[in-house]
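Structure record follows, encoded as structure tokens.
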Amino acid sequence: MIGNVEKYLLEKIESEGSIHITLVDPEMVTPPQASRIASKAKESETAAIMIGGSTFVSAAHLDDVVKSVKRTVKIPIILFPNNVTGISRYA
């Protein structure tokens with residue numbers, strides 16, 4: 001069964017031919033910076049925001065980044081964890 005995000009992305013690809021997904025590394029940004037990046041990415045028609053990538057130290061910081069981005073844009077937030085510490089219940 002295809003989930004909502006996968007369905008959304010596949011439909012975007014079918015209708016537009018290709019899509020762009022922005023990757024935000026939470027270890028490199030503060031929550032306000034992540035929000036600004038997400039906002040600019042959405043303005044540039046990114047289809048979704050991926051959050052993750054680095055070895056992550058603080059789950060609380062990841063949660064704050066995810067919550068901040070979710071408040072800013074209404075497109076899918078996809079976790080891109082490199083290990084279990086890259087998982088957030090807020091995504």
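Find the residue count for region 1-25, including only residues that are of a type in the set (S, T, N, Q), out of contact with any Pro (no Cβ under 9 Å at 6 or more places or on another chain) and farther than 11 Å from Met50 by Cβ. It would help to see each step written out before you state the result.
Taking region 1-25 as the starting set, the residues that turn out to be of a type in the set (S, T, N, Q) are 4, 15, 18, 22.
With out of contact with any Pro (no Cβ under 9 Å at 6 or more places or on another chain) added as a condition, the list becomes 15, 18, 22.
Checking the rest, the ones that are also farther than 11 Å from Met50 by Cβ come to 15, 18.
Number of matching residues: 2.
Yes or no, residue by residue, for (1) touching a Gly at 6+ places or on another chain (Cβ under 9 Å); (2) surrounded by 20 or more Cβ atoms within 10 Å (Cβ to Cβ); (3) free of Cβ contacts under 8 Å to residues at least 60 places away in the same chain:
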| position | (1), (2), (3) |
| --- | --- |
| Leu23 | yes, no, yes |
| Val29 | no, no, yes |
| Ala34 | no, yes, yes |
| Ser39 | no, no, yes |
| Glu45 | no, no, yes |
| His61 | no, no, yes |
| Val66 | no, yes, yes |
| Val69 | no, yes, yes |
| Lys74 | no, no, yes |
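Throughout, read-outs are computed from the coordinates displayed, never taken from laboratory work. Keep in mind that this is a model prediction, so the values were computed, not measured. With ideal geometry, Cβ positions are generated from the backbone for all residues, glycine too; neighbour counts draw on all protein chains shown.
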